[in-house]
Amino acid sequence: MNEWWEDVFDERHRFFSDADYYAEAQQLIPRPSKQKNSGTLEWICPVRDGGESDPPRELTTYLDPFGPGKPDSTERQAMMIAMRIRALHDGTSTRVRGADGEWRVIQTVEKVEYGDIMILMASRGNLRDTMIRHLHDLGIPAQADREGGLLRRPAAAELDGLLQLIARPRSRHAAAWVARSSLIGMNDDELQRYLSADDEDDLLTRLSRHTTSQRQTNLVARWIQLAAADRLIEILEETIDQSDLLTAHHDHVSAQDVEQFVDVVRQLAAEVGGDPIVIADRIRDLREQKGRALEAKTVPPCEAVRVMTIHGAKGLQSKVVIIADLFSDKQVSMTIEDNQRLIVSPEFFASHPAPWAGLDTPLSAMWRHTRRIHMARKDAEARRLLYVAATRAEDHLIIVGSPPKTKWSDDGGLELPWGYTPTKIQLGQMWAESLRQGSWRRGEANSPWSQDGDAAAVEQLMPAKGETRLLDPAALQIEGHLGGGSILPGITVYHHPDCLIDDEANTETPFTPLQKHVRFDLQAHAVAQISPTAQPRSDSGARLQLAPHRLSNIDRCPRRHWFETRGGLRPDPISHERPLGDEDWDERGEDDAEDGANLPTPSQMGLMVHRILEIGIGNSGPTGE
């Protein structure tokens, strides 16, 4: 990178040489433990050709940014960034295409967690929403640094409309707001019949007779019942649970938005009381404020890819950093100032009024001078942003973007138009020009970044629009002419989604928005048919209270066993000639009794065994025997 900053912050780029807002080049010194760490440098350079045929009109057909239709650089960048992040996380291999048409496979060293990836943009514009949409299409969690105003979010805005209708049930604007939302879902004809009916001035009560289902009727009736008691929190909570709000807005961001909206209403109710009109007016004031609106705060359910501006990334660092839309002039554009006809800077305050419609705007020396100073400030700020963005990377830096009319040529490789606009210098042009100047300083005659005559030039090369460069991604993978020597010899260039598709991986086409809503609707209204399952048999056996020495009686005399355990009676003797003893029944026969008169009874035998085995009686014989 030190080769880059030597040219990016060179003094020849300063329009006002004595200005104090220009930055100086600083030598980056790695830590001793990482001096031999080469890192990785990649360039996602999507082609910008095509558009000869019209895109399909079926709403169930996914629109491929690289397919039919006018090429959109924002869509193509977002798609390839999402695919590259998925490949990094899954650890799948990628490939680059050489000028000869052959593919070279690049094996992934290790997997990267989503939380270790950061996407940086010079300005949000439309790129942020497009980026998050493509990430979600591939199932990649993403978190933006700023989600926008909370009351401007779709789910929170529908609850805001319900709150306004509860506070002012005669407001036609609030009634139409709620009727067209996902809470009710009226079409134009139903809305017209609802608002033009004369049966009731209270539009909230009238809404209960114009609902489309019994479920909505019960929900509106519950609104009316709770509104009579000024129970706003209960109205919002039951609406979230019982309506189709989170079915229409099924992402986790909307779920957090409605929770934050309920918390805001609860805080206002604690501050100003429970009057619905006062709370609704406070919510409306917060919504209409510019610059101080409530910011939506989203916490991802798991580690997510961070999407933020370069300004917001100051002081942060990430293992993988992706700098998106590098060849865009949004950062250095003067469109906003020219449309507002007003420039406010630390040195000047200038306006450019147009007092006569249809006539040329009067010339203003003050406006032209202030505008030129403002452009110089923007250029200096853009160069600092490029430095900040590139130095946020710890191990892996990915540059995204391509100049207009970039295309693939079967004869030479990737055709890259070379441009350098002095008045609107893009971040990508600054970076590409630094590669050209570095090759000139090192005397590399065969560098793909140089044009004819650069190697023989003696004086400093002047940045200007030059001839189209032909890049061979396969050759750049081995030797990128970056000035890194053996530490970082090459740069990986991806120009098409085919470079990021692994043949062995199972990839599926993302669903269209219509298909997503249909699938969620089917899941929300599906009734699960659960077949009854037979419960396993559970037999509870009888609890028997029986002494251990009587266990043999179960087999020897079942009748006695039953009487003692189940009947609760003392059994009669089987033989009437032998009476039952006081303690126990002597089961020995007459012959046995005469032969073994000195033998113990079964109960006595069991008692002896119990004392010998369980209690333990010491040997009473002589010691040692």
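Laboratory data are not the source of any read-out in this text; all were calculated from the coordinates shown. Owing to the predicted nature of the structure, the values given are computational and were not obtained by experimental measurement. FYI the Cβ positions are ideal-geometry reconstructions off the backbone, even for glycines, and counts take in every protein chain you see.
Observations, loosely collected:
- Here the 3J(HN,Hα) profile of the stretch 95-102, calculated from phi with Karplus coefficients 6.51, -1.76 and 1.60 at θ = phi - 60°, is 7, 10, 9, x, 4, 7, x, 8 Hz, Gly and Pro shown as x.
- N2/K319 FRET efficiency (R0 35 Å; Cβ-Cβ; nearest 0.05): 0.95
- Ranked by the mean number of other Cβ atoms within 10 Å of their residues, highest first, the peptides 142-154, 427-439, 260-272 come out as 427-439, 142-154, 260-272.
- Within straight-line cross-link reach of K407, lysines at Cα separation under 25 Å, skipping those fewer than 8 residues along the same chain: K70, K330, K424, K465
- Dimensions of the chain from C-alpha coordinates, computed as largest minus smallest value along each principal axis and given longest first, are 141, 87, 51 Å.
- Dipole moment magnitude, nearest 20 debye, the chain about Cα centre, only Lys, Arg, Asp, Glu C-beta charged: 2360
- Cβ-derived FRET efficiency at R0 25 Å, F16 paired with Q340, nearest 0.05: 0.60
- Whichever lysines have a C-alpha closer than 28 Å to that of K111, once near sequence neighbours (fewer than 8 apart) are set aside: K34, K36, K314, K319
- Burial ranking of peptide ranges 471-481, 195-205 (average Cβ count within 10 Å, highest at the top): 471-481, 195-205
- Estimated distance in nm for a label pair at I29 and E381, the labels positioned 7 Å out from Cα along Cα-to-Cβ: 3.3
- In this label model, D145 and D263 are separated by 2.2 nm, measuring between points 7 Å along each Cα→Cβ vector.
- Value at 222 nm in deg cm²/dmol, rounded to 500, when DSSP H runs of n ≥ 4 in the chain each add -39,500 (n - 2.57): -11000 deg cm²/dmol
- A straight line joining the Cα centroids of the stretch 26-104 and the stretch 135-188 runs 35 Å.
- Formal net charge of residues neighbouring L28 (Cβ-Cβ distance under 14 Å; K, R +1; D, E -1): -1
- Relative contact order %, the chain, counting alpha carbon pairs below 8 Å whose residues are six or more apart: 20
- Cα-based helix-to-principal-axis angle, 427-442 vs the chain, degrees rounded to 10: 70
- Sites H369 and M462, calculated FRET efficiency, Cβ-Cβ separation with R0 25 Å, nearest 0.05: 0.50
- A protection proxy built from the mean count of other Cβ atoms within 10 Å ranks the segments 237-246, 392-401, 183-192, 155-164, most packed first, as 155-164, 392-401, 237-246, 183-192.
- Approximate spin-label separation D285-N126, in nm, with each point projected 7 Å along Cα-to-Cβ: 3.7
- A straight chain from A534 to E303 at 0.36 nm per residue would run longer than the Cα-Cα distance by 78.9 nm.
- The stretch 293-383 - percent relative contact order, Cα under 8 Å, separation 6 or more: 21
- Nearest 10 degrees, 0 to 90: helix 127-137 Cα axis against the chain principal axis: 30
- The slack in the chain from R209 to L63, taken as 0.36 nm per residue of separation less the alpha-carbon distance, amounts to 48.4 nm.
- Helix 73-90 vs. the chain, principal-axis angle (Cα, 0 to 90°, nearest 10): 40
- For a label point 7 Å along the Cα-to-beta-carbon line of A357, residues of the stretch 320-349 with backbone N under 16 Å: none
- For V307, the residues whose modelled amide H falls within less than 5 Å of its own, excluding neighbours fewer than 5 places apart on the same chain, are I119, Q143, A144, D145.
- Relative contact order [Cα under 8 Å, 6+ residues apart], the stretch 222-306, whole percent: 28
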